[in-house]
Amino acid sequence: MSEAYRDSMQHLAGLEDEDGELTIAVLRAVPVSGAAVSTLGGLLGQETVASSDAIAARIDELQFDLGEGPCCDVVANGTPIFEPEIQTHPRHPWPAFIEAIRDEPVGALFAFPLSVGTMHLGALDLYHAQPLNLSDEHARQVAAMTEVISRYLLRRALRYAGDLEPPENRHARRIVHQATGFVIAQLGLPPEDAHLLIQGQALVQGRSMADVARDVVDRRLTFTRTRGRIEEKAP
């Protein structure tokens, strides 16, 4: 594990309300030209949360406008996309997007999904000015960083929605605590992440944390991990 990667993970883990630092931390560890963090879909809306430079922001903007490109696909499919030679040997059918970046200094593109549990939040896009093969080690490191960035985005959304305060009612707090234990047992998550998953479900469903927690405790809502992805399990 490189020192740059350790420093980046520590930096990301300490962020609270510093959107611009997200891409700075990623670029410290990964040898690419630029990066952007974006949200897509109904939960958090469509937004470039952070971009390292004008080209990274432009790549995001084009995908929003055209409705195609790597970040759109990773949000839909939940798996990373690697385009080491996107200008000359593209691997994916994005005719409008590839034509739009034809004159941009973009030789390679990589996209990683951002999600917490069953909530697909957005994507981390990386670009390099020249063609580039991202090493397996760097791909693993980026995937680990996306987990931290995803939690940051969900906490950000909850903060903006005013839903970070814990339940005031003692019984509600007990139910949420109990449900957190259920989620830990089902998924092997740390307590903070299990609690965040319940908060996120409440935000998605427009319900209180206590109501969602009650569904978890009563086993109307359970989670499972399939091929590394967290999914809701039918009761």
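Among the residues of segment 1-15, those identified as touching a residue at least 24 places away in the same chain (Cβ under 8 Å), open to solvent by 40 Å² or more (accessible area, probe 1.4 Å) and closer than 20 Å to E192 by Cα are M9, A13. If a residue has to be modelled with pLDDT of 85 or more and either of a type in the set (V, I, T) or in contact with a Gly (Cβ under 8 Å, 6 or more places away or on another chain) (or both) to count, how many in segment 199-222 make the cut? Total meeting the criteria: 4.
Residues are listed down the side, and each one gets a yes or a no for (1) closer than 16 Å to I59 by Cα; (2) open to solvent by less than 20 Å² (accessible area, probe 1.4 Å); (3) of a type outside the set (G, A, S); (4) modelled with pLDDT under 95:
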| residue | (1), (2), (3), (4) |
| --- | --- |
| A96 | yes, no, no, no |
| D103 | yes, no, yes, yes |
| G107 | yes, yes, no, no |
| F110 | yes, yes, yes, no |
| G117 | no, yes, no, yes |
| D125 | yes, yes, yes, no |
| Q130 | yes, no, yes, no |
| N133 | no, no, yes, no |
| V142 | no, yes, yes, no |
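Within the set A29, A35, A25, A50, the sole residue that is in contact (Cβ under 8 Å) with a residue 40 or more places away in the chain, surrounded by 15 or more Cβ atoms within 10 Å (Cβ to Cβ), among the aliphatic types (A, V, I, L, M) and touching an Asp or Glu at 6+ places or on another chain (Cβ under 7 Å) turns out to be A35.
The set of residues in segment 192-224 that are open to solvent by 70 Å² or more (accessible area, probe 1.4 Å) and touching a helix residue (DSSP H, G or I) at 6+ places or on another chain (Cβ under 6 Å) contains only R214. Scanning segment 181-191 for residues that are open to solvent by less than 70 Å² (accessible area, probe 1.4 Å) and either assigned to a helix (DSSP H, G or I) or of a type in the set (A, V, I, L, M, F, W, C) (or both) yields G181, F182, V183, I184, Q186, L187, L189. Here A194 passes the criteria (1) part of a helix (DSSP H, G or I); (2) of a type outside the set (S, T, N, Q); (3) over 17 Å from the mean Cα position of the chain (by Cα) except the one numbered (3).
The values are calculated or read from the model by the stated rules, or taken from the named source; none is laboratory data. Note that the structure is predicted; figures quoted are calculated from it, not measured. Here the Cβ is made from the backbone with ideal geometry for all residues, glycine too, and neighbour counts use every protein chain on show. For the accessible areas, the whole protein counts, side chains as well, though only heavy atoms, and no ligand, DNA or RNA atoms are used. Shrake-Rupley method; radii C 1.70, N 1.55, O 1.52, S 1.80 Å.
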